[in-house]
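Here, each number is a calculation from the coordinates, and none is a lab measurement. None of the values given here were measured: they were computed from a predicted structure. Cβ coordinates were reconstructed from backbone atoms using ideal geometry, including for glycine residues, and neighbour counts include every protein chain displayed.
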Amino acid sequence: MSGRNTIRVAKTTLGPIEYLEREDPGDSSKGVILTIHGAMGGYDQSDILGRTIGPEGYRYLSISRPGYLGTPLRGREAPEAQADLIAAFLDSLELKEAIVFAISGGGYSALYFALRHFERCKALVLCSTTGGKNEVPVPFAFHVMKLLARIPFFPEMMKRKIEKDVEGSLKKSVSHPEIFDRTIQNQEVMRLFKELSMGTMNQMAKRLPGTVNDIQITRSRNYPLKDIRVPTLVIHGSDDPLVPFREHGRRLAREIPGARLYLAEQGEHVTIFTHRTEVKNEVSDFLTDLS
């Protein structure tokens with residue numbers, strides 16, 4: 001997927017929100033897809049989500065959620081406030097509705113957008129997102145990273161490390177040897193994963209407020225999933241160690257009325273990369289059935 005790539009800040013009635021617009025060079029009449037990143041993300045990570053699993057022919061808008069990069073957190077910590085900001089963002093662009101893709105910690109913003117603005121949420125695609133309180137301990141490495149992120153040399157050092165050994169970075173997220181071996185053979189997937197990994201190191205300190213807020217929300221909230229009334233596709237890895245399928249993916253698929261589930265066997269938290277072909281096919285079929 002290629003095309004226009006413009007970073008802007010929309011001035012909405014609820015404050016600024018940073019976003020990237022990428023429009024497929026072909027026909028974009030199929031509609032709008034809004035992509036929402038997870039922890040340590042931003043518009044760039046949202047954009048990678050769209051490029052990794054999204055079909056062509058749509059207008060893609062990739063946002064930075066509150067607390068990330070150019071979107072201030074101030075007073076927009078709650079899922080409800082983030083959902084309302086998304087609606088105000090669509091208003092600023094004079095858009096009636098959007099299909100929403102969300103990954104990992106971006107799930108609660110997407111769920112509450114569907115709950116509070118269901119008439120504007122054409123569909124949800126939830127990738128490795130929480131379905132309620134997540135009780136998995138925060139990795140120790142994150143606490144260390146918080147301390148080092150504001151030291152100028154640290155992010156650059158980490159980028160150089162990833163540049164030299166992207167396979168080593170992937171190995172930290174993929175425990176099944178056969179899945180790892182298959183993934184490193186796919187050059188396009190490895191290019192996307194490398195872009196994601198290195199991008200996290202850019203302006204790292206500006207990604208921390210939102211990440212800390214995400215951890216607080218996902219460790220304290222349950223969601224009224226039975227009240228969601230939009231078509232939903234749940235994508236989850238069977239072996240996700242950070243957002244376990246039994247407590248989250250399965251719950252999303254069971255409690256959201258009519259939700260579809262794609263369960264990636266031996267998939268972990270990076271399922272959109274390790275099972276990219278299968279996920280893209282599921283997303284494409286799901287969106288085709290909407291029309």
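Numerical summary
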item	result
Total charge dipole magnitude, the range 6-290, about the Cα centre, Cβ charges on Lys, Arg, Asp, Glu only, Debye to nearest 20	800
Cβ-defined net charge surrounding Ala10, 12 Å radius [Lys, Arg +1; Asp, Glu -1]	-2
Cα-projected label distance for Asn222 with Glu119, points at 7 Å along beta-carbon direction, nm	3.0
Beta bridges by DSSP in the range 35-129, antiparallel share as percent, to the nearest 5	10
Rel. contact order, % - alpha carbon contacts under 8 angstrom, at least six apart, the range 196-257	34
Gaussian network model of the chain, springs between alpha carbon atoms under 10 Å - residue of Ser29, Ser169, Ser92 with greatest fluctuation	Ser29
Surrounding net charge for Val136, when Lys and Arg each add one and Asp and Glu each subtract one, Cβ distance under 14 Å	-3
Dipole of the chain, positive end: most advanced residue of Asn5, Gln82, Ala205 [Cβ charges, Cα centre]	Ala205
Karplus 3J(HN,Hα) series, Hz, for the range 278-284 with 6.51 cos²θ - 1.76 cosθ + 1.60 (x for Gly, Pro)	5, 5, 4, 5, 4, 5, 4
³J(HN,Hα), Karplus 6.51/-1.76/1.60, whole Hz, each residue of the range 222-234, x for Gly, Pro	10, 10, x, 4, 5, 8, 6, 10, 10, x, 9, 10, 9
Spacing of the two label points (7 Å from each Cα toward its C-beta) at Asp289 and Ala78, in nm	3.5
Mean separation of Cα contacts under 8 Å, 6 or more apart, over the residue count of the range 127-201: relative contact order %	31
Which listed pairs, of Lys30/Lys280; Lys194/Lys280; Lys11/Lys206; Lys122/Lys171; Lys96/Lys194, have C-alpha distances above 27 Å, in listed order	Lys122/Lys171; Lys96/Lys194
Where the Cα pairs of the chain fall when distances are cut into 10 Å bins, in %	7, 30, 39, 21, 3
Three-way shape label, the range 42-99, alpha-carbon gyration tensor, a/c 1.5	oblate
Value of relative contact order over the chain, rounded to a whole percent, pairs C-alpha under 8 Å and six or more apart	20
Three-way shape call for the range 127-264 based on the alpha-carbon gyration tensor, with the a/c threshold at 1.5	oblate
Net charge over other residues, Cβ less than 14 angstrom from the Cβ of Pro257 (K, R count +1; D, E count -1)	+3
Anisotropy class of the range 224-291 from Cα gyration tensor, a/c 1.5 cut	oblate
Percent antiparallel among DSSP beta bridges (both partners in the chain, rounded to 5)	35
Top of Ala81, Ala114, Ala123 by mean-square fluctuation, Gaussian network on the chain, Cα under 10 Å	Ala81
Residue among Leu111, Leu20, Leu192 with the largest mean-square fluctuation in a Gaussian network model of the chain, springs linking Cα atoms under 10 Å	Leu192
